[in-house]
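Following: one structure in structure tokens, then a few remarks.
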Amino acid sequence: MNAVPTELIEQCIASIGRTGISQKEIESEVLALAKDQMVTRRLIDCVTEAFGIVLAAHVSSELILPTKFSAKSQDGEWEWFKFEVEPVFDAAFRLAQHMFHHGSREVFQNIALRSAMLNTVNNLLNARGKIEGAVLSGPVMLGIPAEIYPKPKKSLIERFFAWRLARMRKAKR
């Protein structure tokens with residue numbers, strides 16, 4: 001996994017956080033900064049979702065926040081990864097926390113409102129749903145292949161069930 005310099009993440013935050021900027025303009029500006037399509041996608045998606053999680057955490061302390069995101073593999077399977085395996089997310093989360101408490105509220109809000117997860121929280125609140133105890137699912141990283149992330153190690157139970165399922169399939173043949 002390629003690390004992305006914090007300075008580049010900060011430049012991305014400045015771009016996404018501008019009032020009135022369109023998604024197309026963001027993508028163009030971040031691509032000019034990153035000079036790589038995959039890094040651009042990672043920057044935009046991780047920054048917006050990290051800011052969304054930070055704001056969602058302050059909406060209700062009883063909202064259960066995600067610890068993983070998903071990405072689709074080349075064979076079409078969705079795989080889940082801990083946020084820590086994506087260095088952009090980890091850095092963006094720390095920057096979002098700092099900005100929430102010490103930075104520009106306008107910039108923070110402009111970024112957080114682009115988050116799919118925060119949109120879910122807003123939809124729940126607008127529908128007068130109960131947020132206490134609600135579980136917020138992690139983001140889906142569209143356009144970022146699962147293969148760029150290290151495969152998570154399966155627990156003993158997961159390995160046992162995978163082995164058992166393989167044996168059952170083999171026995172059916």
Failed item in (1) open to solvent by less than 40 Å² (accessible area, probe 1.4 Å); (2) of a type in the set (S, T, Y); (3) assigned to a helix (DSSP H, G or I), with S70 passing the rest: (3)
I want to confirm something. Restricting to the range 75-134 and keeping residues that are among the hydrophobic types (A, V, I, L, M, F, W, C) and part of a loop (DSSP other than H, G, I, E, B), which single residue is nearest to L65 (Cα to Cα)? A134
Taking the range 127-142 and the residues there that are exposed (fewer than 13 other Cβ atoms within 10 Å of the Cβ) and over 15 Å from the mean Cα position of the chain (by Cα), the one that is nearest to K82 (Cα to Cα) would be V135
For the range 86-98, state whether one or more residues are of a type in the set (A, V, I, L, M, F, W, C) and farther than 26 Å from E7 by Cα. no
Output the residues belonging to the range 143-160 that are over 19 Å from P87 (Cβ atoms) and either in contact (Cβ under 8 Å) with a residue 12 or more places away in the chain or aromatic (F, W, Y) (or both). F160
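Condition check ((1) farther than 19 Å from V140 by Cα; (2) among the charged types (D, E, K, R); (3) modelled with pLDDT of 95 or more; (4) buried (at least 22 other Cβ atoms within 10 Å of the Cβ)) across all residues:
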{"position": "A3", "(1), (2), (3), (4)": "yes, no, no, no"}
{"position": "E7", "(1), (2), (3), (4)": "yes, yes, yes, no"}
{"position": "I13", "(1), (2), (3), (4)": "yes, no, yes, yes"}
{"position": "I21", "(1), (2), (3), (4)": "yes, no, yes, no"}
{"position": "K24", "(1), (2), (3), (4)": "yes, yes, yes, no"}
{"position": "S28", "(1), (2), (3), (4)": "yes, no, yes, no"}
{"position": "A34", "(1), (2), (3), (4)": "yes, no, yes, no"}
{"position": "R41", "(1), (2), (3), (4)": "no, yes, yes, no"}
{"position": "V54", "(1), (2), (3), (4)": "no, no, yes, yes"}
Condition (residue is open to solvent by less than 50 Å² (accessible area, probe 1.4 Å) and among the hydroxyl-bearing types (S, T, Y)) applied to the range 149-171: is it met by at least one residue? yes
Single residue of L65, L33, L113 found to be under 17 Å from the mean Cα position of the chain (by Cα) and either more than 30 Å from E158 (Cα to Cα) or among the aromatic types (F, W, Y) (or both): L113
Residue that is in contact (Cβ under 8 Å) with a residue 12 or more places away in the chain, part of a helix (DSSP H, G or I) and under 15 Å from Q97 (Cα atoms), where the choices are L55, L8: L55
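The values are calculated or read from the model by the stated rules, or taken from the named source; none is laboratory data. These figures come from a predicted structure and were not determined experimentally. Note that each Cβ is placed from the backbone with ideal geometry, even for glycine, and that neighbours are counted across all protein chains shown. Surface areas here come from the heavy atoms of the whole protein model, side chains and all, with no ligands, DNA or RNA. Shrake-Rupley method; radii C 1.70, N 1.55, O 1.52, S 1.80 Å.
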